[in-house]
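Here the structure comes first, spelled out in structure tokens, and everything after it is commentary.
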Amino acid sequence: MLGSQNSALSRRTFVKGSALASLGAAAFGSGMLFGCSPESEAPKEEAADDVLKTGATTVGAEETITWGHCAINCPGRCSLKFHVQDDEVVWVDTYTSSDAGFDDPQPRACLRGRSYRRWMNSPDRINYPMKRVGKRGEGKYEQISWDEAIETATTKLQEVIDKYGNEAVYVPYATGVSATTSRPFNRLLNLMGGYLNFYNSYSTAQISCITPYMYGSKGNGGSSFSAAEDAKLVLIFGSSPTETRQGGLTTHYDWVHLRERTGAKIYMIDYRMNDSVMGHSEQWLPINPGTDAALVAGIAHELIANNQVDLDFLHTYCVGYDEETMPEAYQGKNMSYRAYIMGEGYDMVEKTPEWAAAITGISADRIRSLAEEIATTSPLYVNQGWGPQRRSNGEWTAWSIMALPCLVGQIGLPGTSNGTREARNSPSLASMSAGENPIKTSIPCFLFTDAIDHGTEMTSKNAGVKGADALSVNIKYMINYAGNCLTNQHSDINKAHEILADDSKCEFILGIDTVMCDSMNYSDIVLPDLFRFEQTSQIATGSDWGYVITGTACTTPKFERKTAYEMASLMAEKLGVQDEFTEGKTEEDRIKEQYEESREKDDELPTWDEMVERGVYTRAYDPVVSMKKFRDDPAGNALDTPSGKIEIFSEKLLQFTEGWELAEGDTLPGMETLPPIPAYIPEWYGVETTTDEFPLVLAGFHYRGRIHSSWGFLPELKEVNPQEAWINPVDAEGRGIKQGDTIHVKNEFGEIELLAKVTPRVVPGTVAVSQGAWYDGDGLGSVDKGGSINTLTTQRPSPLSKGNPQHTNICEVTKA
Ligand SMILES: Nc1nc2c(c(=O)[nH]1)N[C@H]1C(S)=C(S)[C@@H](COP(=O)(O)OP(=O)(O)OC[C@H]3O[C@@H](n4cnc5c(=O)[nH]c(N)nc54)[C@H](O)[C@@H]3O)O[C@H]1N2
Ligand SMILES: Nc1nc2c(c(=O)[nH]1)N[C@H]1C(S)=C(S)[C@@H](COP(=O)(O)OP(=O)(O)OC[C@H]3O[C@@H](n4cnc5c(=O)[nH]c(N)nc54)[C@H](O)[C@@H]3O)O[C@H]1N2
Ligand code: SF4
Ligand SMILES: [Mo]
């Protein structure tokens, strides 16, 4: 930490003495993107270039400092420290040991966060309200007045409500802004009679759907990484905290400490050797993507064959493992988990290690030795990220991983976890109420393009409609605030284009962003937003540490940008609901009021003024051991599943999905219902379903160079984080592909262009492409030169949650 403080000090001196902050250039030069990386100074030429780009001049000017927070959908929500001269941000750093003292932890921004000045001052920044003058998707816009923009957006809203009803209005999934006042448009729409709801997230649809069937609502969270320090064996399925938990004080911080402190053996199960494995390559257990459930089944078979399952635990705490604990109506039918594993029920296939080896690519011997380690080593800490569940079989993959610790009774004890993701702690802050939505109908967020295209055909049985049997109207009006999920982050971009470009379908789209991401090109009106650090804003988050960051505007608003709260209140005024919307309060009034409410419940929180002054407030939490209470007293602390126990067989799932229309490949071969046990279902596009035309599996992951598509347009970041397809030398060689070649990855949905990264860090037969690259095609099937994986993903949802299976794909790769 000493090094960091030194560099922070020398940086400050440098800024005062020379012309300018070097932030981006210095950071990018190092090629590292971690919260704690040391920094070096930028070469003078870079700095001079920067002055030209931003117009920042600083010699002799007085410097003020304000705090802010990163509001992007990254768990860090890190602190940002803005150094301002003459109402211009001259450089951005973060909370460091010089602010906190050496012993206190620091929610430091990663280098994406520290590069915000480039985004703030980017030539692509939206500065004025605009209206569309070309076709939808073409990206042609003209500046208009705020008056005209608000008039058009509100007139259209009223028209759509009058003509189609409120269920035709929708606010798509969008994650670009996290703060305690981030839902102003929902609040506005609720005052106008409501809008069509969504459920699910693009992050965790499958695991969030399945977990309550197994554990109920009380057993949802895993144990923290600090709890894993007591473990002797740690199994991490599909998670990379080093990449997806960045920032100075998120679970990556805990992960690094776990590594340093634990005596446990660690295995990272992933189809690629992710960055969290780095330096410990022996810990990588390579697996074919989408096959974790088969691995678990193979291990279960071995445990059963050797009498190594914990029958006491399974009979006391669980239902459905074997006949003894099957619900009455299902006894004697070979429908238990054990019957599935031993080939006595369901698909009648015995799940031997040999069977699992052929699917997972892990040898039968290795599966046997792993089962032996699992049976004989405790405490066992089983954890999963969300990569394995963002798949066509994701519900059952997640469920299978959760079943593993149950088989050996490693739940609710020190050093164990319940197979879900690690716990995170955070102080709790009150948020602005969006009010109540009079419309109760809800769709899975991933199905919004269906709801635009043929919403009235969507029902509870074929598309997961909730709150009604069917949709009564298609989506006709959308407010897309801080999201690139209309195209780039959704799936099958060519198909999404076809649906969105037709303005007879969704008649009006209002877009609010800071840059023209691809989704913005479908807006009829675009409004220029301020970042959260250009206004007062507050956020709480955490890991083993919790923290609150309180920020104020770093500069006055530039150009014609406004806050989203102001935009929504202008709309409210036009629509005659301004008093109800604002209740006479500014956004800042609300934030302060909410904070006081939070302090009433949590008197350790400092005063508002102190928060503004210090920017960052941190708090330590004790390690969380998941399901400890249940383990200690299963009757007194029964779960809220139907049986009160852990359900390895779910009658509720069978009942809930009765009569559902399933498509081929949604369930086990020969079955007509969805499996009520954690089974392995081959993916629609997976290792077992590649074709001659598309013989490779294509899998995705979240990339350290971006948060989804955010920062994806910044040239400096692209340079250090080129868009690449990881391909194993075995697969590259036969195709004449070498490291650094420009290649095309193609499937039935489209074609993308990017660079080849030829590496043994990905399993043979699978190509890995990071998600979030900026789409660069015409939406009509042309090659996407941005290399966005969503040009190649399907809009078919996973069977139970109706979630996005965006890591499930097949492809062919050719040299460009
Ligand atoms: N740098 C960065 N950080 C982020 C984000 C980002 O875009 N960039 N996004 C944030 C958000 S919103 C979210 S939801 C989270 C996402 O967090 P996750 O969903 O956990 O992230 P992924 O990268 O999709 O998957 C985690 C790991 O699973 C692996 N994996 C994929 N499929 C399989 C499989 O079938 N089996 C196994 N065993 N492994 C598999 C991937 O290679 C990857 O290493 O990350 C957050 N953090
Ligand atoms: N293939 C594939 N696709 C995926 C995933 C995957 O794993 N694979 N992951 C999915 C997941 S987990 C998620 S969470 C989604 C995320 O998808 P999105 O929610 O679309 O996330 P981003 O791509 O980061 O887009 C955020 C947008 O918010 C904007 N923004 C940033 N700051 C502000 C601000 O202050 N104000 C306003 N108005 N706008 C701002 C950014 O410019 C950007 O356009 O992607 C999903 N898509
Ligand atoms: S992108 Fe994530 S890690 Fe980086 S500054 Fe923002 S919240 Fe922190
Ligand atoms: Mo996410």
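The values are calculated or read from the model by the stated rules, or taken from the named source; none is laboratory data. These figures come from a predicted structure and were not determined experimentally. When we count neighbours, we look across all protein chains shown, and the Cβ atoms used for this are built from the backbone with ideal geometry, even at glycine. Side chains included, ligands, DNA and RNA excluded: accessible areas come from the protein's heavy atoms. Shrake-Rupley method; radii C 1.70, N 1.55, O 1.52, S 1.80 Å.
All Cα-Cα separations within the stretch 570-622 were binned at 5 Å from zero, giving a P(r) of 5, 16, 18, 19, 12, 10, 10, 7, 2, 1, 0, each value a whole percent of the pairs. Note on Lys232: lysines with a C-alpha under 17 Å away, same-chain residues under 8 apart excluded, are Lys265. Here the stretch 696-815 has an Rg and Dmax of 13.8, 41 Å, counting Cα atoms alone. Classified by the C-alpha gyration tensor, the stretch 434-528 has a prolate form. Its axis ratio a/c, with a ≥ b ≥ c, is 1.5 or above, and a/b is larger than b/c. Summary of the geometry: the stretch 393-420 and the stretch 761-816, compared by the centres of their Cα atoms, lie 29 Å apart. Among the chymotrypsin sites (Phe, Trp or Tyr not before Pro) found in the stretch 265-307, not one is both in a DSSP coil and sparsely packed, with 10 or fewer other Cβ atoms within 10 Å of its Cβ.
What a 1.4 Å probe finds exposed on the stretch 698-754 is 48% carbon and sulfur by accessible area, rounded to a whole percent. Given +1 at the Cβ of Lys and Arg, -1 at the Cβ of Asp and Glu and no other charges, the dipole of the chain around its Cα centre is 920 debye to the nearest 20.
For Ala434, nonlocal amide neighbours, meaning residues 5 or more places apart or on other chains whose placed amide H falls under 5 Å from its own, do not occur. Against the criterion of solvent-accessible heavy-atom surface with a 1.4 angstrom probe, Thr377, Thr211 sort, most first, into Thr377, Thr211.
Note on Lys746: accessible area approximately 90 square angstrom, rounded to 10, probe 1.4 Å, nucleic acids and ligands left out. Rounded to the nearest 500, the 222 nm mean residue ellipticity of the chain from helices alone is -8000 deg cm²/dmol, with -39,500 (n - 2.57) taken per DSSP H run of at least 4 residues. The alpha-carbon atoms of the stretch 681-721, seen along their principal axes, cover 39, 22, 12 angstrom, with the largest extent given first.
Evaluating 6.51 cos²θ - 1.76 cosθ + 1.60 at θ = phi - 60° for every residue in the stretch 604-617, the Karplus couplings come out as 7, 5, x, 5, 4, 4, 5, 4, 5, 5, 8, x, 10, 10 Hz, glycine and proline recorded as x. Straight-line reach only, C-alpha to C-alpha below 25 angstrom: list the lysines that Lys505 could link to, leaving out same-chain residues fewer than 8 apart. Filter leaves Lys131, Lys135, Lys140, Lys156, Lys163, Lys440, Lys461, Lys466, Lys476, Lys495, Lys802. Only Lys, Arg, Asp and Glu carry charge here, each on its Cβ (+1 for the first two, -1 for the last two); on that basis the stretch 696-815 has a dipole of about 340 debye about its Cα centre. Partners of Lys585 within straight-line reach, counting lysines whose Cα lies under 20 Å from its Cα and excluding those fewer than 8 residues away in the same chain: Lys562, Lys574.
Temperature 25 °C, viscosity 0.890 mPa s: under these conditions the Stokes-Einstein estimate for the stretch 296-388, based on its Kirkwood radius over C-alpha pairs, is 172 µm² per second. Residues whose amide H falls under 5 Å from that of Gly786, counting only those 5 or more places apart or on a different chain, are Glu753, Asp776, with hydrogens built in the peptide plane. Kirkwood radius for the chain, taken over all pairs of different Cα atoms as the inverse mean of 1/r, rounds to 27.6 Å.
Please calculate the 1.4 Å probe accessible area of Arg619, with all protein chains present, and give it to the nearest 10 Å². Spelled out: Arg619, probe radius 1.4 Å, area about 40 Å². Cα centroid distance between the stretch 456-535 and the stretch 613-644, in Å? So the two Cα centres are separated by 37 Å.
How many angstrom lie between the C-alpha centres of the stretch 62-95 and the stretch 122-153? Each part's Cα centre sits 28 Å from the other's. Taking amide H atoms as placed 1.01 Å from N in the peptide plane, the amide H of Trp284 lies under 5 Å from those of Met268, each 5 or more residues away in sequence or on another chain. Rolling a 1.4 Å probe over the heavy atoms of the protein chains gives the chain an accessible area of 35 Å² per residue. The tail of the calculated P(r) for the stretch 97-202 beyond 23 Å holds 55 percent of all Cα-Cα pairs.
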